[in-house]
Amino acid sequence: MAETYNASDPIEVAPGVFHLGVQDAPNSFNNIPYVIVDGNEAALIDPGSAKPEFFNVVLEKVKKALKGDLKKIKHIIVQHQDPDLCAAIPLVEVHCAPDVTVHAPLEAKVLIQHYNFKSKLHPLDDDDTLVFGDNRKFVFAMTPYCHFVGSMVTYDTKHKIVFSSDAFGGFTGMTDLYAGPDYPLQLTSFLGQYLGSKRALEYALKRLEQINAAYGVNLIAPQHGCLIKKELIPAYLEAAHALQVGGEIDSLAAKHGVKLGG
C-alpha cells in the first residue's frame, strides 16, 4: 500500500475509494478530494480548488481512478462552503453525468450557490442518507460550527470510513498518506487556528465517537493533512479533545485590553 501521494496518481485507500490529494507546499496545506466508485456510479467528495495548478491535478487523478469515464459521477458532495474544497464544482460538473447532483449542508446552500454551477443543489440535514451504485450508503452527520454552521461529515457504511471534513485536518508540507507520530502537532496547529469554539469541537468529536461505537470506523479521511488508521483513532480522538481553540481571539483580546466572559 502506498505511503505517500504524488501529482499524478490517485491512491486506492479502500476498494473503490480513491484519495486525490494535492500538495500546496508553500502553505504547508494539502487539499484532499475523494472519489468513491460503486458499480456504474461514483460520488466525488469535496472536488477542490478552482486554481488550475490544483484542479488540473485532481481532474487527471479522477480520470485515472474512473478509467476515463467521468460520466459515472452522479453525486458531488460538499461538506462545507470553503473555496479550497468546492470552488471547482463548476469546472468538474461539465465532465460528470448530465443529471449530477450537488449535495451540501442546508446552512451552506446559501453560500455554495455563489460558485455559479448549473447542477441541482440538494440540501442535507442531520442523519440524511444517500444511496447510489450497488446499494452503497452514505450517512451525513452535521457538525455545526466546526468550523462553519453548515459543516458535516460523511460516513461510508460499506467500508466504515468517516470523511471528516476539517475535523482531524492538519498543516503539513509533506505528502505522507497516513498520520505518523508528529501528526498531533500538525492537528493542533490547524484546528487550533481554524476553530473558534471548543463546544463545537467537542460536539463533533463526540458525534464521531457515537458513530464509532455504533457502527465502527476503520479510517478517518480528512480534507487536509493525513489519513488516520483504525488503530490510531483513539489516540487522535484524545489529542483532539485536549486541543485549545480560539487562541487568536485571546491574543487580540489581550492586545487591546478586551475582557471576555466565560
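Return the residues of the range 207-236 that are surrounded by 12 or more Cβ atoms within 10 Å (Cβ to Cβ), within 22 Å of T175 (Cα to Cα) and either free of Cβ contacts under 8 Å to residues at least 60 places away in the same chain or over 21 Å from the mean Cα position of the chain (by Cα) (or both); say none if nothing qualifies.
Filtering the range 207-236 down to residues surrounded by 12 or more Cβ atoms within 10 Å (Cβ to Cβ) leaves 207-209, 211-212, 215, 217-230, 232-233, 235-236.
Filter once more, so that each one left must be within 22 Å of T175 (Cα to Cα): 218-230, 232-233, 235-236.
I220, C226, K229, K230, L232, I233, A235, listed by residue number.
How about the range 113-144: which of its residues are over 15 Å from I36 (Cβ atoms), in a loop (DSSP other than H, G, I, E, B) and either of a type in the set (D, E, K, R) or free of Cβ contacts under 8 Å to residues at least 40 places away in the same chain (or both)? Don't jump to the end; show me each part of the working.
Our first condition is that a residue be over 15 Å from I36 (Cβ atoms); within the range 113-144, this holds for 113-128, 141-144.
Imposing the further condition that a residue be in a loop (DSSP other than H, G, I, E, B) reduces the set to 116-119, 125-128, 143-144.
Once the filter is applied, which keeps residues that are over 15 Å from I36 (Cβ atoms), in a loop (DSSP other than H, G, I, E, B) and either of a type in the set (D, E, K, R) or free of Cβ contacts under 8 Å to residues at least 40 places away in the same chain (or both), the range 113-144 yields N116, F117, K118, D125, D126, D127, D128.
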Problem set entry | Positions within the range 60-99 being in a loop (DSSP other than H, G, I, E, B) and under 15 Å from S119 (Cα atoms), in sequence order | V78, A87, A88, C96, A97, P98, D99
Exercise. What number goes with the only condition from (1) buried (at least 23 other Cβ atoms within 10 Å of the Cβ); (2) touching a Lys or Arg at 6+ places or on another chain (Cβ under 6 Å) that D38 does not pass?
Worked result: (1)
For this session: Might you let me know whether the range 176-191 holds any residue that is surrounded by 18 or more Cβ atoms within 10 Å (Cβ to Cβ), at pLDDT 95 or above and part of a loop (DSSP other than H, G, I, E, B)?
Result: no
Seminar exercise, completed: Scanning the range 102-139 for residues that are buried (at least 19 other Cβ atoms within 10 Å of the Cβ) and among the β-branched types (V, I, T) gives V102, I112
For this session: For the range 249-260, indicate whether the set of residues that are loosely packed, with under 14 Cβ neighbours inside 10 Å and touching a helix residue (DSSP H, G or I) at 6+ places or on another chain (Cβ under 6 Å) is non-empty.
Result: yes
For this session: Check H147 against each of (1) farther than 22 Å from L20 by Cα; (2) in contact (Cβ under 8 Å) with a residue 40 or more places away in the chain; (3) in contact with a strand residue (DSSP E or B) (Cβ under 7 Å, 6 or more places away or on another chain); (4) buried (at least 21 other Cβ atoms within 10 Å of the Cβ) and name the one condition it does not meet.
Result: (3)
Exercise. Which condition breaks for N30 when tested against (1) modelled with pLDDT under 95; (2) in a helix (DSSP H, G or I)?
Worked result: (2)
Exercise. When you look at V258, is it in contact (Cβ under 8 Å) with a residue 24 or more places away in the chain, farther than 24 Å from A14 by Cα, part of a loop (DSSP other than H, G, I, E, B) and of a type in the set (V, I, T), yes or no?
Worked result: no
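Which of the residues that make up the range 142-174 are more than 16 Å from the chain's Cα centre (by Cα) and either of a type in the set (D, E, K, R) or at pLDDT below 80 (or both)?
Filtering the range 142-174 for residues more than 16 Å from the chain's Cα centre (by Cα) gives 157-159, 173-174.
Of everything in the range 142-174, those that are more than 16 Å from the chain's Cα centre (by Cα) and either of a type in the set (D, E, K, R) or at pLDDT below 80 (or both) turn out to be K158, G173, M174.
The values are calculated or read from the model by the stated rules, or taken from the named source; none is laboratory data. Note that the structure is predicted; figures quoted are calculated from it, not measured. Cβ coordinates were reconstructed from backbone atoms using ideal geometry, including for glycine residues, and neighbour counts include every protein chain displayed.
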